[in-house]
Amino acid sequence: MKKIWWKEAVAYQIYPRSFMDSNGDGIGDLQGVISKLDYLQDLGIDVVWISPIYRSPNDDNGYDISDYQDIMDDFGTMADFNLLLEEVHRRKMKLIMDLVINHTSDEHPWFIESRSSKDNPYRDYYIWHPGKDGKEPNNWESIFSGSAWEYDELTKEYYMHIFSKKQPDLNWENPLVREELYKMVNWWFDKGIDGFRVDAISHIKKVPQFPDLPNPDKKKYVPSMNGHMNREGIQVFLEELKQETFAKYDIMTVGEANGVNVDQAEEWVGAKTGKFNMIFQFEHLDLWGKGASDRLDIHALKKTLTKWQTGLDGVGWNALFLENHDQPRSVSTWGNDQELRDKSAKCLAAMYFLMQGTPFIYQGQEIGMTNVKFDSIDDYNDVAIKNLYKSEREEGKSNVEILEVIWSSGRDNSRTPMQWNGHESNGGFTTGTPWIKVNPNYVEINVEDALQDPGSIYHFYKKLINLRKENETLIYGSYNLIIEDDDSIYAYTRTLGNDTFVVITNLFAERAEFILPKGLNAKDAVFCLGNYSVDSVELSVLTLQPYEARVYRI
Ligand code: TEU
Ligand code: CA
């Protein structure tokens, strides 16, 4: 077993716009992040992943970059960034940035050139196509609703954008594009950053000739994943990216790899042949239903996570997560964000955090922040939400119908400002007017209170982090699913040599009985952690309370 720093690390994602505002303009910024580094260090964080902070017109909050080598004015200056990097390193932590190279902003100089004429040297930096019968070149739908093509009056052609129309896709088939990107990536590594989370990277290869996709329901546009997600030939690009950049540095890479299958693990994250150290896969999130079904499909969840756990064991490495800036809050979706918020947040934490892989915590998850319900579309900011609202209205859906979808699945659920305390207006996030409203429940749910209460969700996370740091078994050990058929309990073991931990989580609001399977010995069991008080270490038969979680060493 080879010890590797990024396998032992616990990571924390910052969405800088919503983390901490230092100057009262209502927008989180780099100085704000710096002011909270002690908080993160205290929690036990090793790696900070910061969502994009580059120059951007903010159509998609920084995921639309107009200058890869400069800092967004809202967030500060390059001097602020340099200080952030220094302050992170001074605390023996690492900083990884977000690498958005599937697309740029339409305000990036490359695109401004590209759109200016058909024979501009930058024309082929992006994907331009003439229309078909006076319409878009094909029927592909953008991930953010509407067509994936935008008509440009000047040259009378369409450009492809699988996200918003202000995010034109780069043409990865053009070697000049790739070269420019690699130069930029290495520039950041030479500056001393510790890695990248690589945005939407499974989308860089498009199916050649851009064929129409099957459209059995005769819709105007059809979901276009089959046109650009994890398509044949992508590995050639990824291998080159790796060789020209990542392979030259001791850094950490996490690919955002929607659509990648576990049987492709070797080529994506294999120790030798992989292109990334780990990937974010989304199969388990798709099971949440996000409003579609009330009850968590625990069997599918066990099946999916177990597939990734066992599929990567000894092959590659998992990135473990429940939340990010694109997902609703886990406690609202999977748990209970009312009376059982505390219990269910801790239970979910124990469930995913002790698996094999590098755990990620998304800002606010450690205090059990919840979804939000704004009553007007005007209170929302996310371009995906706005586009969805517009196209669903056009299709005749009512305001309330659409809002209900947004309440349960909209991305702004996780983008409301970080709740630092309960007594200042805006929860201590800003002294000004926040760019998006603070969740009114900051009065009860906030960092200051959580720090003071030893039984809080925050302290539970801290204990999980310590437990993991102190036990190699919880880092490198193999995962094994137990009581597979149980309808309420997700339980598994982690084993390294003859050391074994058992993680037992009741993922529902009803009590459940746990019986230790034969072959596991409860005799010398030591109770390590739980979210209810436990008076006996007895482990062979347990009655678990609603959302009870227990961790034993046996
Ligand atoms: O998200 C990419 C994206 O939307 C999907 O690939 C992802 O699989 C989906 O969210 C899972 O449900 C990234 C960023 O995380 C997102 O914030 C950006 O808007 C997007 O890329 C465009 O840069
Ligand atoms: Ca600010």
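The values are calculated or read from the model by the stated rules, or taken from the named source; none is laboratory data. Note that this is a predicted model, so its numbers are computed, not measured. Positions of Cβ are generated from backbone atoms using ideal geometry, with glycine treated the same way; all protein chains shown enter the neighbour counts.
Suppose we filter L467, L542 for residues that are farther than 30 Å from G364 by Cβ, crowded, with 17+ Cβ neighbours inside 10 Å and out of contact with any Gly (no Cβ under 9 Å at 6 or more places or on another chain); which single one remains?
Values: L467 fails: farther than 30 Å from G364 by Cβ.
The unique qualifying residue is L542.
Could you pull out every one of the helices (runs of 4 or more DSSP H) wholly within the stretch 183-292 that has 2 or more residues that are closer than 28 Å to S147 by Cα?
Numbers: elements: 225-228, 234-244, 265-269.
Hits in the stretch 183-292: 225-228, 234-244.
Of the residues that sit in the stretch 83-105 and are assigned to a helix (DSSP H, G or I) and in contact (Cβ under 8 Å) with a residue 60 or more places away in the chain, which one is farthest from ligand 1 (Cβ to nearest atom)? Let's see the steps before the verdict.
Here is the first cut: in the stretch 83-105, the residues assigned to a helix (DSSP H, G or I) are 83-90.
Next, from what is left, pick out any that are in contact (Cβ under 8 Å) with a residue 60 or more places away in the chain: 85, 89.
On the way: L85: 22, H89: 26 Å.
Residue satisfying both the conditions and the ranking: H89.
Scan (1) over 26 Å from F353 (Cα atoms); (2) free of Cβ contacts under 8 Å to residues at least 12 places away in the same chain for the single condition K2 breaks and write down its number.
(1)
Being assigned by TED's automatic domain parsing to the domain that holds P359, within 30 Å of V372 (Cα to Cα) and exposed (fewer than 13 other Cβ atoms within 10 Å of the Cβ) is the requirement here; does E444 meet it?
Values: assigned by TED's automatic domain parsing to the domain that holds P359: yes; within 30 Å of V372 (Cα to Cα): yes; exposed (fewer than 13 other Cβ atoms within 10 Å of the Cβ): yes.
Here the answer is yes, as E444 does meet what is asked.
When Y362 is evaluated against the numbered criteria (1) within 20 Å of R550 (Cα to Cα); (2) in contact with an Asp or Glu (Cβ under 7 Å, 6 or more places away or on another chain); (3) not β-branched (V, I, T), which criterion, by number, is the only one it fails?
The failed condition is (1).
I'd like the residue in the stretch 139-150 that is in contact with a strand residue (DSSP E or B) (Cβ under 7 Å, 6 or more places away or on another chain) and not in a strand (DSSP E or B) and, out of all such residues, is farthest from ligand 2 (Cβ to nearest atom).
N139
For the stretch 245-264, state whether one or more residues are out of contact with any helix residue (DSSP H, G or I) (no Cβ under 9 Å at 6 or more places or on another chain), of a type in the set (D, E), within 23 Å of A11 (Cβ to Cβ) and free of Cβ contacts under 8 Å to residues at least 24 places away in the same chain.
No, that holds for no residue.
Report, by residue number, each residue of the stretch 226-243 that is over 13 Å from W172 (Cβ atoms) and touching a residue at least 60 places away in the same chain (Cβ under 8 Å). Show your work before the answer.
Of the residues in the stretch 226-243, the ones over 13 Å from W172 (Cβ atoms) are 226-227, 229-230, 232, 242-243.
Correct list: G227 only.
Can you pull out the residues in the stretch 463-501 that are β-branched (V, I, T) and touching a helix residue (DSSP H, G or I) at 6+ places or on another chain (Cβ under 9 Å)?
Our first condition is that a residue be β-branched (V, I, T); within the stretch 463-501, this holds for 465, 473, 475, 482-483, 489, 493, 495, 500.
If the condition is that a residue be β-branched (V, I, T) and touching a helix residue (DSSP H, G or I) at 6+ places or on another chain (Cβ under 9 Å), then I465, I475, I489, T495, T500 are the ones that fit.
Quick one: in the stretch 55-82, which of the residues that are part of a strand (DSSP E or B) and crowded, with 17+ Cβ neighbours inside 10 Å is farthest from ligand 1 (Cβ to nearest atom)? Break it down into steps so the answer makes sense when it comes.
Filtering the stretch 55-82 for residues part of a strand (DSSP E or B) gives 55, 67-71.
Add one more test, that the residue is crowded, with 17+ Cβ neighbours inside 10 Å, and what stays is 55, 68, 71.
Details: R55: 15, Y68: 13, I71: 18 Å.
For the stretch 55-82, the residue satisfying everything is I71.
Suppose we filter D60, D46 for residues that are more than 16 Å from ligand 2 (Cβ to nearest atom) and either touching a His at 6+ places or on another chain (Cβ under 8 Å) or assigned by TED's automatic domain parsing to the domain that holds F460 (or both); which single one remains? Explain how you work it out, then say what you get.
Numbers: D60 fails: either touching a His at 6+ places or on another chain (Cβ under 8 Å) or assigned by TED's automatic domain parsing to the domain that holds F460 (or both).
Sole residue among the options that is more than 16 Å from ligand 2 (Cβ to nearest atom) and either touching a His at 6+ places or on another chain (Cβ under 8 Å) or assigned by TED's automatic domain parsing to the domain that holds F460 (or both): D46.
Would you mind stating whether K397 is out of contact with any Pro (no Cβ under 7 Å at 6 or more places or on another chain), within 27 Å of L285 (Cβ to Cβ) and not in a helix (DSSP H, G or I)? Step through it out loud before you land on a result.
Numbers: out of contact with any Pro (no Cβ under 7 Å at 6 or more places or on another chain): yes; within 27 Å of L285 (Cβ to Cβ): yes; not in a helix (DSSP H, G or I): yes.
Yes.
Out of all the residues in the stretch 80-103, is one or more within 16 Å of ligand 2 (Cβ to nearest atom) and either under 24 Å from the mean Cα position of the chain (by Cα) or over 29 Å from T358 (Cβ atoms) (or both)? Even if it seems obvious, please write down each step before you answer.
Going through the stretch 80-103, the residues within 16 Å of ligand 2 (Cβ to nearest atom) turn out to be 80-81, 83-84.
Filter again for either under 24 Å from the mean Cα position of the chain (by Cα) or over 29 Å from T358 (Cβ atoms) (or both), leaving 81, 84.
Checked against the condition, which is being within 16 Å of ligand 2 (Cβ to nearest atom) and either under 24 Å from the mean Cα position of the chain (by Cα) or over 29 Å from T358 (Cβ atoms) (or both), the stretch 80-103 yields at least one hit.
Which of the residues spanning the stretch 189-222 are surrounded by 13 or more Cβ atoms within 10 Å (Cβ to Cβ) and free of Cβ contacts under 8 Å to residues at least 40 places away in the same chain?
K205, V207
Quick check, is L181 in contact (Cβ under 8 Å) with a residue 24 or more places away in the chain and more than 24 Å from the chain's Cα centre (by Cα)? Lay out the reasoning, then the answer.
Values: in contact (Cβ under 8 Å) with a residue 24 or more places away in the chain: yes; more than 24 Å from the chain's Cα centre (by Cα): no.
It is false that L181 is in contact (Cβ under 8 Å) with a residue 24 or more places away in the chain and more than 24 Å from the chain's Cα centre (by Cα).
How many of the residues in the stretch 4-46 are in contact with a Gly (Cβ under 8 Å, 6 or more places away or on another chain) and hydrophobic (A, V, I, L, M, F, W, C)?
Count: 5.
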